[in-house]
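Novice: What follows is a structure written as structure tokens; I'll ask about it next.
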Amino acid sequence: MSLIGLDIGTTGCKAMIFAQDGRILAQARREYAVQTPQPGWAEQDAEQVWALAWQCLRETATQATDDPPVALALSCQGEAVIPVDRRGRALRPAILGMDTRTTAENAWLSETLGADALFQRTGMPLHTINTLPKLLWLQRHEPELWREAHQFLLYEDFFMRRLGGEAVVSVCLASRTQLMNLASADWDADILARCKIERARLAKPAPPAGGVVGKLRAELKQELGLAQDLWLVSGGHDQACAALGSGVIVPGLAMVSTGTAEVVEVAMESPTLAPALQKGGVSIYRHVVPGLYLAMTLNHSGGLVLRWFRDQFGRQEMEQAAATGVDAYDLLLEGAPTGPTRLLLLPHFAGSGTPTLDVRSKGALLGLTFATTKAEIVKAALEGLTYELRLNLDLLRAAGVAIHELHAVGGGARSALWLQIKADVCRIPLRVPAVTDAACLGAALLAGVGAGVYPDFTAAVAQTVRWRERIQPSAAWTEAYEAQYARYRRLYPLLAELLAEL
């Protein structure tokens, strides 16, 4: 019995069909655009996302005819909001999580409901990323659409309505909206009333324990060429699904996902709602694994810093990579010094993420001499990103969140050098799973547990998550990195005012 994990990301989607033992049987990917009609806005054609995701599903279904899938679950980008009509069709482009137009709405929420009270009730600090201020913006700035819309959906419930007929959302994804009461796993009636949002215009929350929420409509099943029913199972936030797909299912385990951005997810037995986490912008929400919670940190830059350097200064390496098949980043790092570089790179190319949350901050590079090489600068970028990771891990630990081991997924998990830097700087062991498309695998495991293919999540992970390697901190370099990290901690406070002026 095979299982489908469908991942709806910010810039692309992918469908993967997994065998019961975790082997990849089929996969398909598509990319789509993020629209920026005004500075600070980020929107997306949700109908195009649906069409391209359906192409992925059809393509994978034709590849897995020997072992047809029995269940599907979704892994979705968080916080995006899509107004739909009575047929479930989008009435305007989705407003994405990265959209920052809601400063005034957040000020109103702070004054009306209180930032502290909202964090204690929902686990979400005040931030433009949240769904709640996006809904308030629609109320105020597009009142005709607000009246016309039948429902306001996230990507998971938008897809579930199209696939199965009913808009159902996982408590995991819903708990990232700032509309759900973290304790009750239901929409918060007081928040809805004070913000004039009718419960009926939101999706139905799935049971906290997840499970089957519907089945694929007959005409869609026929399009996929399936002879048997395909069960639709409650999914979750993409990072939470990646945590499951990388084996983060017990308290104290954590995942670092390094792609366009870099995210840390730490599993917790109960929600830690410390003021320091709120101040640092760390969100606390429900895991896709029932009974567990997650703390999430976010660095907006992540791998984008490396891509920027490659595209601007690595043309020769890109041409050589195209001719030889060697990765351009490996070529850029050839000859990099062992141990810490003599440079400090502040990777705030899109402002800073958690824990400083300074949208006015900028990137900076200190320590240049005539002896500095291109490889040293690239390695300094890896180090700067990892120092930011350490800042967040230190904040979590200081707030009482236990972290014993990091599981590394995403594109960054393919770099042996970066993985070793993470272990050395953060002084923590790293494990790398064989399947680094962990969000798709996590969604497939949700589908499998919901449909009864696995008895529970422990068994699901034991059967499917294989480990490629384990990386220990290097005794030769941890102390040297500790000294350089101490210098790095002084960098942003020293430069913040000047960078804001720039």
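The values are calculated or read from the model by the stated rules, or taken from the named source; none is laboratory data. Worth saying up front: this structure is predicted, and the values here are computed from it rather than measured. Don't worry about glycine lacking a Cβ; one is built from the backbone with ideal geometry, like all the others, and counts go over all protein chains shown.
Novice: Among T103, T177, T131, which is modelled with pLDDT under 95 and within 28 Å of P39 (Cα to Cα)?
Specialist: Working: T177 fails: modelled with pLDDT under 95; T131 fails: modelled with pLDDT under 95.
Of T103, T177, T131, the one residue that is modelled with pLDDT under 95 and within 28 Å of P39 (Cα to Cα) is T103.
Novice: Further question on the same structure: In segment 207-236, what residues are more than 19 Å from I17 (Cα to Cα) and under 22 Å from the mean Cα position of the chain (by Cα)?
Specialist: Within segment 207-236, P208, A209, G210 meet the criteria.
Novice: Quick one: how many residues across segment 438-477 are acidic (D, E) and surrounded by 22 or more Cβ atoms within 10 Å (Cβ to Cβ)?
Specialist: 0
Novice: Select the helices (runs of 4 or more DSSP H) contained entirely in segment 81-155, then report the ones holding at least 3 residues which are in contact with a Ser or Thr (Cβ under 8 Å, 6 or more places away or on another chain), within 20 Å of G281 (Cα to Cα) and free of Cβ contacts under 8 Å to residues at least 60 places away in the same chain. It would help to see each step written out before you state the result.
Specialist: Numbers: elements: 103-112, 115-122, 131-141, 143-148.
By residue number, 131-141.
Novice: Collect the residues in segment 1-47 that are closer than 20 Å to Q63 by Cα, assigned to a loop (DSSP other than H, G, I, E, B) and touching a Gly at 6+ places or on another chain (Cβ under 9 Å), keeping them in residue-number order.
Specialist: Matches in segment 1-47: M1, Q20.
Novice: Given the conditions (1) farther than 30 Å from P290 by Cα; (2) over 23 Å from the mean Cα position of the chain (by Cα); (3) in a helix (DSSP H, G or I), which single one is not true for A475?
Specialist: Only one criterion in (1) farther than 30 Å from P290 by Cα; (2) over 23 Å from the mean Cα position of the chain (by Cα); (3) in a helix (DSSP H, G or I) is unmet by A475, namely (3).
A quick yes/no check of all residues on (1) polar (S, T, N, Q); (2) out of contact with any strand residue (DSSP E or B) (no Cβ under 7 Å at 6 or more places or on another chain):
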{"position": "E148", "(1), (2)": "no, yes"}
{"position": "L153", "(1), (2)": "no, no"}
{"position": "G164", "(1), (2)": "no, no"}
{"position": "T177", "(1), (2)": "yes, yes"}
{"position": "A185", "(1), (2)": "no, no"}
{"position": "L192", "(1), (2)": "no, yes"}
{"position": "A203", "(1), (2)": "no, no"}
{"position": "A206", "(1), (2)": "no, no"}
{"position": "G210", "(1), (2)": "no, no"}
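Novice: Restrict the check to segment 277-286 and report whether at least one residue is modelled with pLDDT of 95 or more, aliphatic (A, V, I, L, M) and part of a helix (DSSP H, G or I).
Specialist: Scanning segment 277-286, I find at least one residue that is modelled with pLDDT of 95 or more, aliphatic (A, V, I, L, M) and part of a helix (DSSP H, G or I), so the answer is yes.
Novice: Only one of (1) surrounded by fewer than 19 Cβ atoms within 10 Å (Cβ to Cβ); (2) modelled with pLDDT of 95 or more; (3) acidic (D, E); (4) under 23 Å from L216 (Cβ atoms) fails for D67. Which number is that?
Specialist: Only one criterion in (1) surrounded by fewer than 19 Cβ atoms within 10 Å (Cβ to Cβ); (2) modelled with pLDDT of 95 or more; (3) acidic (D, E); (4) under 23 Å from L216 (Cβ atoms) is unmet by D67, namely (2).
Novice: Pairs under 6 Å by beta carbon, first residue free of Cβ contacts under 8 Å to residues at least 40 places away in the same chain and among the aliphatic types (A, V, I, L, M) in segment 422-448, partner surrounded by 22 or more Cβ atoms within 10 Å (Cβ to Cβ) and outside any strand (DSSP E or B), six or more apart or different chains?
Specialist: V432/A413
Novice: Identify, by number, the condition in (1) surrounded by 15 or more Cβ atoms within 10 Å (Cβ to Cβ); (2) in contact with a strand residue (DSSP E or B) (Cβ under 6 Å, 6 or more places away or on another chain); (3) more than 20 Å from Q139 (Cβ to Cβ); (4) not aliphatic (A, V, I, L, M) that Y32 doesn't meet.
Specialist: Among (1) surrounded by 15 or more Cβ atoms within 10 Å (Cβ to Cβ); (2) in contact with a strand residue (DSSP E or B) (Cβ under 6 Å, 6 or more places away or on another chain); (3) more than 20 Å from Q139 (Cβ to Cβ); (4) not aliphatic (A, V, I, L, M), Y32 violates only (2).
Novice: Take A480 and decide whether it is over 22 Å from the mean Cα position of the chain (by Cα), assigned to a loop (DSSP other than H, G, I, E, B), surrounded by fewer than 17 Cβ atoms within 10 Å (Cβ to Cβ) and touching a residue at least 12 places away in the same chain (Cβ under 8 Å). Quick ask: steps written out before the conclusion?
Specialist: On the way: over 22 Å from the mean Cα position of the chain (by Cα): yes; assigned to a loop (DSSP other than H, G, I, E, B): no; surrounded by fewer than 17 Cβ atoms within 10 Å (Cβ to Cβ): yes; touching a residue at least 12 places away in the same chain (Cβ under 8 Å): yes.
Considered against the rule, which asks whether it is over 22 Å from the mean Cα position of the chain (by Cα), assigned to a loop (DSSP other than H, G, I, E, B), surrounded by fewer than 17 Cβ atoms within 10 Å (Cβ to Cβ) and touching a residue at least 12 places away in the same chain (Cβ under 8 Å), A480 comes out as no.
Novice: Working only within segment 274-288, note down all residues that are touching a helix residue (DSSP H, G or I) at 6+ places or on another chain (Cβ under 8 Å) and either without any contact (Cβ under 8 Å) to a residue 60 or more places away in the chain or of a type in the set (S, T, Y) (or both).
Specialist: Y285, the sole residue that qualifies.
Novice: Hey, any hits in segment 474-483 for a residue that's touching a strand residue (DSSP E or B) at 6+ places or on another chain (Cβ under 8 Å) and on the phi < 0 side of the Ramachandran plot?
Specialist: Checking segment 474-483: not a single residue is touching a strand residue (DSSP E or B) at 6+ places or on another chain (Cβ under 8 Å) and on the phi < 0 side of the Ramachandran plot.
Novice: Out of the residues in segment 257-276 that are among the aliphatic types (A, V, I, L, M) and within 22 Å of D358 (Cβ to Cβ), state the one that is modelled with the lowest pLDDT. Steps first, please.
Specialist: First, the residues of segment 257-276 that are among the aliphatic types (A, V, I, L, M): 261, 263-264, 266-268, 273-274, 276.
Pick out the ones that are also within 22 Å of D358 (Cβ to Cβ) and you get 261, 263-264, 274, 276.
Details: A261: 84, V263: 94, V264: 96, A274: 95, A276: 95.
Only one residue fits best here, namely A261.
Novice: Is there a residue in segment 326-337 that is within 24 Å of A371 (Cβ to Cβ), within 25 Å of the chain's Cα centre (by Cα) and crowded, with 20+ Cβ neighbours inside 10 Å?
Specialist: Among the residues of segment 326-337, at least one is within 24 Å of A371 (Cβ to Cβ), within 25 Å of the chain's Cα centre (by Cα) and crowded, with 20+ Cβ neighbours inside 10 Å, which makes the answer yes.
Novice: Among the candidates L113, L52, single out the residue that is among the hydrophobic types (A, V, I, L, M, F, W, C), more than 30 Å from E223 (Cβ to Cβ) and out of contact with any Leu (no Cβ under 9 Å at 6 or more places or on another chain).
Specialist: Every option except L113 fails the conditions.
Novice: Restrict the check to segment 395-417 and report whether at least one residue is crowded, with 18+ Cβ neighbours inside 10 Å, touching a residue at least 24 places away in the same chain (Cβ under 8 Å) and under 16 Å from Q484 (Cβ atoms).
Specialist: Checked against the condition, which is being crowded, with 18+ Cβ neighbours inside 10 Å, touching a residue at least 24 places away in the same chain (Cβ under 8 Å) and under 16 Å from Q484 (Cβ atoms), segment 395-417 yields no hits at all.
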